[in-house]
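Chemist: There's a structure below that I have some questions on.
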Amino acid sequence: MKKYIINAILSGIILLTACTDLKEEVYSEVGSNNFIQSKADIISFALRAYDHAYWSIRMIPEVQENMADQWVTYTRNESLWYNGGKHVRSHQHTWTWDDDYVDDNWNTPWAGIVQINNIIDVMSEINPGQYDMDQAEFDGLLWGNRTLRAWFYIRLLDMYRNIPLYKSVKDDSQNTNTQVAPQEVFNFIESELLAAIEALPQKSGTGGNGLKQQQWNKAGAAALLVRLYLNAEKWTGTAQYDKCTTYAQHIINGTYGTYNIDDEWDEPFKWNNNTSDEIIYAFASDVNYSHYQYTSDVYWWALSCGAVSTGYFLFSKEGDPNFRYALTPGMDVDGVEYSYSLGKPVKKFQKYPSDYRLKLYNNLGNGEREGMFLFGYIPNKKDGGRIKQNDGNDLYLRDQAGFFNAAAPGAPIADKRSGVEYADDNSGWRMVKYPFYPDSDADKIYAADYAEIRLAEIYYSLAECKLRGGDALDAGDLLNTVRKRNYPASDYATVLYQGTQAPMGNVPLDMEELLDEWGREFIGEMRRRTDLCRFGRFTEAWWDKPQSESFREILPISRTVLSANPQLKQNPGYDE
């Protein structure tokens, strides 16, 4: 099913601009009629920044996932994916101001902000009535851009903390050339989102966002406020869990529209997830248009080697992927579990072994799948036998990292090295959150929209606020609302948390368990670094990573950025 979501936004006009570089076209005559001639021109102009925003998720995995404890880019077979050691540095927290992901995660949001500022400047001088455009529709486009700008600013505040404020292309008096205090950026984001909640439309009815999947609405702006308030203590030094609680509860109560947790864990990631009431905001994906989560640097490179795509998924749209990302190991090469409390994502899932997500990923046909991981021997459905390593031996994916080569499962190996730089094709389970459907499901390939904000995040955020306030039972009830779909009802007593409402279980909830549960529910959803920082755990030791310095919680300003603007100051702790 093709979801021409942009069609509805454009009233029949499709405008999707591919982001092949970061050069932005800026109009010098703000508000002039040389390019705004009709309602359609207004709409197309107002939507320019959305594809850039969607494309920009490709910059995030190295920082949010590889710098954290669950994902890693192994150096395979002593050479592949070493890339000058930059992935080793991200995992071990020794990155420098010259690493490309440090530069990219600064420049990419700013390119979006510049683009949006120009859109806002132009739209501020347009009278929509002159173009037979309804004021509410116009306001939705304008405030959608202001909300998208807040989304970019949240990323910059999170990653770099000390940033300038840039609000207008036309009026430079609104801008700063130097960094401002994090609290000032926080206040600006907060004020924009509070105003957006009042100005944006509200979701109506049930059955998902439908053709409005990529439009910001009241709940979307409120959800960004939840993110802002949940992390306020880390970002500004002032806790705002009370405000986080207020807006999270509003969303759950339906104040901004009706949203519900899906009955099955994979519904928010399926081909028809525009019908999911769990999704609050998503970027629209389609085989004929943008589908960036399915491309290189994101989930397309989180699969295994050995023709797993064409041979096991029976998906030949793009051939076979590279295998950049894998999960960090829970066991050493001898099968002994590591003692670290962080990382070990497979072990954290296996703590509750009846989890439906622990099944081997398998396409069932007609847009259905089961399981979320690739592990063990992978059958070759196309050619028979098993998926192979690059050396021709059978591939056996294991929760370990090392040089296993042709060793049978559980067999001892002589080479005991294990690390980011010491791994072979067999090292690490793979995660498949967004499905890669077989060619026989042609109309469903790439149709799963990128779920940027799910209602589950709001439940987990509210649960964290409750737990931080000492109310573990209410927090358990909130988490169980989501978690119950991951397990058979017969196991609820042993897998659900203690609470006050059915269904509930016997598992006690504390901050350690909550952090693990954030990791299970949102594994690979580009937020793990942020969660670790908020819990004060980001600099701890985990597999092949020693304790790191506290200043590593934020990134340095890159050499090229500082050279371009000498008025910027390097973040504390980093030597230029």
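Chemist: Under the condition of being within 34 Å of the chain's Cα centre (by Cα) and open to solvent by less than 60 Å² (accessible area, probe 1.4 Å), which residue from the stretch 119-136 is nearest to LEU193 (Cα to Cα)?
Modeler: ILE120
Chemist: Right, something else. Could you please tell me which pairs satisfy a Cβ distance under 6 Å, a separation of 6+ or placement on different chains, a first residue in the stretch 91-113 that is among the aromatic types (Phe, Trp, Tyr), and a second residue that is part of a loop (DSSP other than H, G, I, E, B) and buried (at least 21 other Cβ atoms within 10 Å of the Cβ)?
Modeler: If the second residue must be part of a loop (DSSP other than H, G, I, E, B) and buried (at least 21 other Cβ atoms within 10 Å of the Cβ), the pairs left are TRP97/PRO556; TRP97/SER558.
Chemist: Which of the residues that make up the stretch 374-388 are surrounded by fewer than 22 Cβ atoms within 10 Å (Cβ to Cβ) and part of a strand (DSSP E or B)? Quick ask: steps written out before the conclusion?
Modeler: Going through the stretch 374-388, the residues surrounded by fewer than 22 Cβ atoms within 10 Å (Cβ to Cβ) turn out to be 375-377, 379-386, 388.
GLY376, TYR377, PRO379, ARG386, LYS388, listed by residue number.
Chemist: Next up: Could you give me the residue pairs with C-beta distances under 9 Å whose first residue belongs to the stretch 159-188 and is closer than 14 Å to ILE113 by Cα and assigned to a helix (DSSP H, G or I), whose second residue is open to solvent by 40 Å² or more (accessible area, probe 1.4 Å) and charged (D, E, K, R) wherever it lies, and which are 6+ apart or on separate chains?
Modeler: GLN174/LYS167; PHE188/LYS167
Chemist: Quick one: which residue in LEU473, LEU462, LEU467 is over 21 Å from SER296 (Cβ atoms) and surrounded by 24 or more Cβ atoms within 10 Å (Cβ to Cβ)?
Modeler: Details: LEU473 fails: surrounded by 24 or more Cβ atoms within 10 Å (Cβ to Cβ); LEU467 fails: surrounded by 24 or more Cβ atoms within 10 Å (Cβ to Cβ).
Every option except LEU462 fails the conditions.
Chemist: Look at the stretch 435-454 and say how many of its residues are assigned to a helix (DSSP H, G or I) and buried (at least 24 other Cβ atoms within 10 Å of the Cβ). Steps first, answer last, please.
Modeler: At the first step, the residues of the stretch 435-454 found to be assigned to a helix (DSSP H, G or I) are 439-444.
This time we only want the ones that are buried (at least 24 other Cβ atoms within 10 Å of the Cβ), so: none.
So the count comes out to 0.
Chemist: Just to be sure, is TYR74 in contact (Cβ under 8 Å) with a residue 40 or more places away in the chain, in contact with a strand residue (DSSP E or B) (Cβ under 9 Å, 6 or more places away or on another chain), of a type in the set (Ser, Thr, Tyr) and over 30 Å from ASP171 (Cα atoms)? I'd like the intermediate steps shown before the answer.
Modeler: Working: in contact (Cβ under 8 Å) with a residue 40 or more places away in the chain: yes; in contact with a strand residue (DSSP E or B) (Cβ under 9 Å, 6 or more places away or on another chain): yes; of a type in the set (Ser, Thr, Tyr): yes; over 30 Å from ASP171 (Cα atoms): yes.
It is true that TYR74 is in contact (Cβ under 8 Å) with a residue 40 or more places away in the chain, in contact with a strand residue (DSSP E or B) (Cβ under 9 Å, 6 or more places away or on another chain), of a type in the set (Ser, Thr, Tyr) and over 30 Å from ASP171 (Cα atoms).
Chemist: Sort out which residues of the stretch 530-563 are under 12 Å from VAL102 (Cβ atoms) and in contact with a helix residue (DSSP H, G or I) (Cβ under 9 Å, 6 or more places away or on another chain), and write them in order of number.
Modeler: ILE554, LEU555, PRO556, ILE557, SER558, ARG559, THR560, VAL561
Chemist: Of GLY311, GLY257, GLY343, which residue is at positive phi, at pLDDT 95 or above, crowded, with 22+ Cβ neighbours inside 10 Å and not hydrophobic (A, V, I, L, M, F, W, C)?
Modeler: Numbers: GLY311 fails: at positive phi; GLY257 fails: crowded, with 22+ Cβ neighbours inside 10 Å.
The match here is GLY343.
Residue by residue, here is whether (1) within 19 Å of LEU568 (Cα to Cα); (2) of a type in the set (Val, Ile, Thr) holds:
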residue: TYR131; (1), (2): no, no
residue: ASN145; (1), (2): no, no
residue: MET159; (1), (2): yes, no
residue: ILE163; (1), (2): yes, yes
residue: ASN177; (1), (2): yes, no
residue: VAL180; (1), (2): yes, yes
residue: PRO201; (1), (2): no, no
residue: LYS218; (1), (2): no, no
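Chemist: Please go through (1) over 22 Å from SER276 (Cβ atoms); (2) open to solvent by 30 Å² or more (accessible area, probe 1.4 Å); (3) in contact (Cβ under 8 Å) with a residue 40 or more places away in the chain for ARG227 and return the number of the only condition it doesn't satisfy.
Modeler: Only one criterion is unmet by ARG227, namely (1).
Chemist: Mind checking which residues of the stretch 210-234 are farther than 17 Å from ALA195 by Cα and within 19 Å of the chain's Cα centre (by Cα)?
Modeler: Let us first name the residues in the stretch 210-234 that are farther than 17 Å from ALA195 by Cα, namely 210-214, 230-234.
GLN213, GLN214, LEU230, ASN231, listed by residue number.
Chemist: Output the qualifying pairs, or none if there are none: Cβ atoms under 7 angstrom, residues six or more apart or on different chains, first residue in the stretch 399-423 and touching a residue at least 12 places away in the same chain (Cβ under 8 Å) and over 16 Å from PRO329 (Cα atoms), second residue buried (at least 21 other Cβ atoms within 10 Å of the Cβ) and of a type in the set (Val, Ile, Thr).
Modeler: ILE413/VAL333
Chemist: Same structure again: Is there any pair with a first residue in the stretch 460-481 that is at negative phi and in contact (Cβ under 8 Å) with a residue 40 or more places away in the chain and a second that is in a helix (DSSP H, G or I) and among the polar types (S, T, N, Q) whose Cβ atoms are under 8 Å apart and which are 6 or more apart or on different chains, and what are they?
Modeler: Taking only residues 6 or more apart or on different chains, the pairs are LEU462/THR245; LEU462/GLN249; CYS465/THR245; LYS466/THR245.
Chemist: If you check ARG417, ARG357, ARG369, which single one turns out to be in a strand (DSSP E or B) and either of a type outside the set (Ser, Thr, Tyr) or farther than 24 Å from ASP69 by Cβ (or both)?
Modeler: On the way: ARG417 fails: in a strand (DSSP E or B); ARG357 fails: in a strand (DSSP E or B).
None of the other options fit; the residue is ARG369.
Chemist: I would also like to ask the following. Restricting the search to the stretch 274-312, which residues are in a helix (DSSP H, G or I) and closer than 28 Å to GLY208 by Cα?
Modeler: In the first step, residues of the stretch 274-312 are kept if they are in a helix (DSSP H, G or I); the result is 274-275, 292-294, 299-301, 308-312.
Correct list: ASN274, THR275, TYR292, GLN293, TYR294, TYR299, TRP300.
Chemist: Related question: Looking only at residues that are acidic (Asp, Glu) and open to solvent by 10 Å² or more (accessible area, probe 1.4 Å) in the stretch 63-98, which one is nearest to SER304 (Cα to Cα)? Break it down into steps so the answer makes sense when it comes.
Modeler: Our first condition is that a residue be acidic (Asp, Glu); within the stretch 63-98, this holds for 65, 69, 78, 98.
Subset that is open to solvent by 10 Å² or more (accessible area, probe 1.4 Å): 78, 98.
Values: GLU78: 17, ASP98: 29 Å.
In this case the residue turns out to be GLU78.
Chemist: Could you pull out the residue among GLN570, GLN547 that is of a type outside the set (Phe, Trp, Tyr), open to solvent by 10 Å² or more (accessible area, probe 1.4 Å) and without any contact (Cβ under 8 Å) to a residue 12 or more places away in the chain? Can you show your working first?
Modeler: Numbers: GLN570 fails: without any contact (Cβ under 8 Å) to a residue 12 or more places away in the chain.
Checking each option against the conditions leaves just GLN547.
Chemist: Would it be correct to say that ASP158 is open to solvent by 30 Å² or more (accessible area, probe 1.4 Å), modelled with pLDDT of 95 or more and not hydrophobic (A, V, I, L, M, F, W, C)? I'd like the intermediate steps shown before the answer.
Modeler: Values: open to solvent by 30 Å² or more (accessible area, probe 1.4 Å): no; modelled with pLDDT of 95 or more: yes; not hydrophobic (A, V, I, L, M, F, W, C): yes.
In short, no.
The values are calculated or read from the model by the stated rules, or taken from the named source; none is laboratory data. The structure presented is a predicted model; accordingly, all values stated were derived computationally and were not measured. Cβ: placed from backbone, ideal geometry, glycine included. Neighbour counts: every protein chain shown. Note: areas computed on protein heavy atoms with side chains; ligands, DNA, RNA excluded. Shrake-Rupley method; radii C 1.70, N 1.55, O 1.52, S 1.80 Å.
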